[in-house]
(Lines give C-alpha, C1' and ligand atoms only; values in the text may rest on other atoms or scores of the structure.)
Protein backbone atom coordinates (compact mmCIF):
# COMPACT_ATOMS: atom_id res chain seq x y z
CA UNK A 1 0.00 0.00 0.00
CA UNK A 2 1.42 3.36 -1.01
CA UNK A 3 1.87 6.34 1.27
CA UNK A 4 -0.81 8.28 -0.58
CA UNK A 5 -3.43 5.62 0.11
CA UNK A 6 -2.26 5.18 3.69
CA UNK A 7 -2.60 8.94 4.29
CA UNK A 8 -6.09 8.97 2.82
CA UNK A 9 -7.14 6.13 5.11
CA UNK A 10 -5.55 7.76 8.17
CA UNK A 11 -7.06 11.16 7.39
CA UNK A 12 -10.50 9.63 6.79
CA UNK A 13 -10.40 7.60 10.01
CA UNK A 14 -9.34 10.68 11.96
CA UNK A 15 -12.25 12.62 10.46
CA UNK A 16 -14.79 9.91 11.27
CA UNK A 17 -13.55 9.55 14.84
CA UNK A 18 -13.64 13.33 15.26
CA UNK A 19 -17.23 13.36 14.00
CA UNK A 20 -18.29 10.75 16.53
CA UNK A 21 -16.63 12.63 19.39
CA UNK A 22 -18.00 15.98 18.21
CA UNK A 23 -21.54 14.60 18.05
CA UNK A 24 -21.34 13.30 21.64
CA UNK A 25 -19.91 16.60 22.91
CA UNK A 26 -22.53 18.55 20.98
CA UNK A 27 -25.42 16.42 22.29
CA UNK A 28 -24.16 16.63 25.86
CA UNK A 29 -23.66 20.39 25.64
CA UNK A 30 -27.08 20.94 24.05
CA UNK A 31 -28.83 18.87 26.71
CA UNK A 32 -26.96 20.65 29.51
CA UNK A 33 -27.74 24.14 28.22
CA UNK A 34 -31.24 23.61 26.83
CA UNK A 35 -32.49 20.91 29.18
CA UNK A 36 -33.87 18.88 26.27
CA UNK A 37 -32.75 16.87 23.29
CA UNK A 38 -31.83 18.73 20.12
CA UNK A 39 -34.38 18.76 17.32
CA UNK A 40 -34.49 15.37 15.58
CA UNK A 41 -35.42 17.12 12.35
CA UNK A 42 -34.70 20.85 12.35
CA UNK A 43 -36.85 21.26 9.22
CA UNK A 44 -39.97 19.84 10.93
CA UNK A 45 -42.87 22.23 11.39
CA UNK A 46 -42.98 21.74 15.18
CA UNK A 47 -39.37 22.94 15.56
CA UNK A 48 -39.02 26.69 16.01
CA UNK A 49 -36.84 28.66 13.63
CA UNK A 50 -34.60 29.75 16.50
CA UNK A 51 -34.01 26.21 17.67
CA UNK A 52 -33.51 24.89 14.12
CA UNK A 53 -30.98 27.60 13.32
CA UNK A 54 -29.18 27.21 16.65
CA UNK A 55 -28.81 23.45 16.13
CA UNK A 56 -27.67 23.90 12.53
CA UNK A 57 -25.03 26.49 13.43
CA UNK A 58 -23.81 24.53 16.45
CA UNK A 59 -23.58 21.33 14.39
CA UNK A 60 -21.74 23.01 11.53
CA UNK A 61 -19.21 24.67 13.80
CA UNK A 62 -18.67 21.55 15.93
CA UNK A 63 -18.13 19.20 12.99
CA UNK A 64 -16.01 21.67 11.02
CA UNK A 65 -13.69 22.36 13.94
CA UNK A 66 -13.50 18.68 14.89
CA UNK A 67 -12.57 17.66 11.34
CA UNK A 68 -9.89 20.36 11.10
CA UNK A 69 -8.36 19.42 14.45
CA UNK A 70 -8.41 15.72 13.57
CA UNK A 71 -6.78 16.12 10.16
CA UNK A 72 -4.17 18.53 11.48
CA UNK A 73 -3.43 16.13 14.33
CA UNK A 74 -3.15 13.20 11.92
CA UNK A 75 -0.79 15.23 9.72
CA UNK A 76 1.41 16.04 12.72
CA UNK A 77 1.47 12.36 13.71
CA UNK A 78 2.40 11.48 10.12
CA UNK A 79 5.23 14.03 10.19
CA UNK A 80 6.48 12.69 13.52
CA UNK A 81 6.54 9.16 12.10
CA UNK A 82 7.94 9.89 8.64
CA UNK A 83 9.79 13.19 8.98
CA UNK A 84 7.57 15.02 6.49
CA UNK A 85 3.96 16.00 6.00
CA UNK A 86 1.79 13.87 3.73
CA UNK A 87 2.31 14.79 0.08
CA UNK A 88 -1.44 15.09 -0.53
CA UNK A 89 -2.08 17.27 2.53
CA UNK A 90 -2.49 20.46 0.52
CA UNK A 91 -4.70 18.67 -2.05
CA UNK A 92 -7.32 17.57 0.50
CA UNK A 93 -10.60 19.32 -0.18
CA UNK A 94 -13.68 19.52 2.02
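The values are calculated or read from the model by the stated rules, or taken from the named source; none is laboratory data. Everything quoted here is computed from the prediction, not taken from an experiment. Note: ideal-geometry Cβ built from the backbone for every residue, glycine included; neighbour counts use all protein chains shown.
For region 40-51, how many residues meet the condition of being outside any helix (DSSP H, G or I) and either in contact (Cβ under 8 Å) with a residue 12 or more places away in the chain or closer than 19 Å to residue 10 by Cβ (or both)?
Looking only at that region, the number is 1.
Checking the condition within 22 Å of residue 21 (Cβ to Cβ) and in contact (Cβ under 8 Å) with a residue 40 or more places away in the chain, which residue from 54, 66, 58 passes? So that I can check it myself, show each step before the final result.
Working: 54 fails: in contact (Cβ under 8 Å) with a residue 40 or more places away in the chain; 58 fails: in contact (Cβ under 8 Å) with a residue 40 or more places away in the chain.
Every option except 66 fails the conditions.
For the structure I just gave you, tell me whether residue 49 is exposed (fewer than 10 other Cβ atoms within 10 Å of the Cβ) and at pLDDT below 95. It would help to see each step written out before you state the result.
Details: exposed (fewer than 10 other Cβ atoms within 10 Å of the Cβ): yes; at pLDDT below 95: yes.
The answer is yes for residue 49.
State yes or no: is residue 79 modelled with pLDDT under 95, assigned to a helix (DSSP H, G or I) and under 17 Å from the mean Cα position of the chain (by Cα)?
Working: modelled with pLDDT under 95: yes; assigned to a helix (DSSP H, G or I): yes; under 17 Å from the mean Cα position of the chain (by Cα): no.
So residue 79 fails the test.
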